[in-house]
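K.L.:
The structure under discussion is supplied below as structure tokens; questions concerning it will follow.
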């Protein structure tokens with residue numbers, strides 16, 4: 001029962017993350033400013049940390065969230081538990097690095113980046129909880145759907 005709730009929570013969080021990252025990817029490629037209440041979104045999204053070797057961080061985030069969603073929907077058992085937790089943890093760590101850059105280097109805050117960081121933090125907690133709660137036994141498809 002707990003695994004089912006955590007699984008569904010992870011699905012919802014992955015979809016929310018996809019929506020945020022898709023919006024930021026659209027903003028990047030459309031060349032428009034994002035809706036921003038903090039006043040720092042444009043500063044953050046045009047900083048040197050906004051892309052990695054020419055690839056927008058928003059697109060990397062979108063692909064990461066899609067990877068998490070696919071791992072939750074397409075994999076089963078240990079593979080699902082491990083892949084979703086690993087992807088979420090990597091996203092959380094990279095998001096933490098970017099948040100550090102926002103606060104201490106760029107000195108500007110993007111509300112969309114903060115929202116994504118919160119989603120990734122929650123995804124990491126939920127997917128790691130699922131992995132640890134499994135006690136090494138794979139989740140059956142009936143247990144998660």
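The values are calculated or read from the model by the stated rules, or taken from the named source; none is laboratory data. Because the structure is predicted, anything quoted here is derived from the model rather than measured. So basically every Cβ, Gly included, is an ideal-geometry build from the backbone, and we count neighbours across all protein chains shown.
K.L.:
Could you tell me whether any residue of segment 129-141 is outside any loop (DSSP other than H, G, I, E, B) and within 15 Å of residue 13 (Cα to Cα)?
P.N.:
yes
K.L.:
Now, a different point. Looking at segment 84-105, is at least one residue assigned to a helix (DSSP H, G or I), out of contact with any helix residue (DSSP H, G or I) (no Cβ under 8 Å at 6 or more places or on another chain), more than 26 Å from residue 3 (Cβ to Cβ) and touching a residue at least 40 places away in the same chain (Cβ under 8 Å)?
P.N.:
yes
K.L.:
Show the residue pairs meeting these rules: Cβ distance below 7 Å; 6+ apart or different chains; first residue within segment 47-73 and at negative phi and surrounded by fewer than 17 Cβ atoms within 10 Å (Cβ to Cβ); second residue modelled with pLDDT of 95 or more and not in a helix (DSSP H, G or I).
P.N.:
Listed pairs, sorted by first residue: 60/52.
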